[in-house]
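*Asks:* Quick one: the structure is below, questions incoming.
Read the figures in this text as sums done on the coordinates, not as results from a lab. Computed from a predicted structure; not experimentally measured. All Cβ positions, even for glycine, are placed from backbone atoms using ideal geometry, and neighbour counts span all protein chains on display.
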């Protein structure tokens, strides 16, 4: 059963940190996206926790906090936030907050380690890659493959402004990358593997249909 009191305190904490962020104050659209991503990851994490028998509240707390470091400004243009370090920074921000919530020290450690490694599987403090900690990484990765992210990627990459040949090359490149990801063993839990495979299938079907539609726009098939 979810501890709604702890979740509400965590939601408030994350929103407050985002509100305090200097960059977010002038880029509200980025703050909105980061918060939406945070909630999606939390819901994915909860689904994994249900199937794997993890504590659902702890997983939701971890996922809500996994990107809290986006409240920081890193100074160098094009390096905000410092992408590879934002998991480790988030863990540093999350630890005192989780301790104040009254979680046992060993659970704070497991949550913080999962947050720290969620970008590149590396941490700046000792810890163990437990199934729980890895599930935080997996929930974040799984959110990269869904309907919203397809739309976001196509818009950000300027797909509609490409020439026909550029569009075809773009789609073929995406399909090749998706085929490579099929064999990448980045998911550990059974729930994560199932969700990952389902989303990869969806992505391939989308881009294959897009390729077919592009071809049907310029020629008559035999």
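*Asks:* With an 8 Å Cα cut-off and a minimum separation of 6 or more residues, compute the relative contact order for the stretch 74-179 in percent.
*Replies:* 19 percent
*Asks:* Points 7 angstrom from Cα along the Cβ direction at residue 107 and residue 129: gap in nanometres?
*Replies:* 2.6 nm
*Asks:* Relative contact order (percent) for the stretch 1-160, with alpha-carbon contacts under 8 angstrom and 6 or more residues of separation?
*Replies:* Relative contact order of the stretch 1-160: 22 percent.
*Asks:* Rank 146, 30, 212 by mean-square fluctuation in a GNM of the chain with C-alpha springs under 10 angstrom and give only the top-ranked residue.
*Replies:* Top of the fluctuation ranking is 212.
*Asks:* Ok, one more. Neighbouring Cβ atoms within 10 Å as the yardstick, rank 66, 151 fewest first.
*Replies:* Ordered from fewest to most neighbouring Cβ atoms within 10 Å, 66, 151 come out as 151, 66.
*Asks:* Kindly express, to the nearest 10 degrees and within the range 0 to 90, the angle between helix 86-100's C-alpha long axis and the longest C-alpha principal axis of the chain.
*Replies:* The angle comes out at about 30 degrees.
*Asks:* How many nm separate the modelled label positions at residue 152 and residue 100, each set 7 Å beyond the Cα in the direction of the Cβ?
*Replies:* A separation of 2.8 nm, rounded to one decimal place.
*Asks:* For the chain, set up a GNM with springs between Cα atoms under 10 Å and report which of 20, 72, 180 has the largest fluctuation.
*Replies:* Of 20, 72, 180, the most mobile in the Gaussian network model is 180.
*Asks:* Can you sort 148, 207 from fewest to most other Cβ atoms within 10 Å of each residue's own Cβ?
*Replies:* By the 10 Å Cβ count, ascending: 148, 207.
*Asks:* Could you list 194, 177 in order of exposure, starting from the residue whose Cβ has the fewest other Cβ atoms within 10 Å?
*Replies:* 177, 194
*Asks:* Express in nm, to one decimal, how much length is gained between residue 163 and residue 52 on full extension, taking 0.36 nm for each residue of separation and deducting their alpha carbon distance.
*Replies:* On the way: separation 111, 0.36 × 111 = 39.96 nm, distance 4.61 nm.
Gain on extension, residue 163 to residue 52, equals 35.3 nm.
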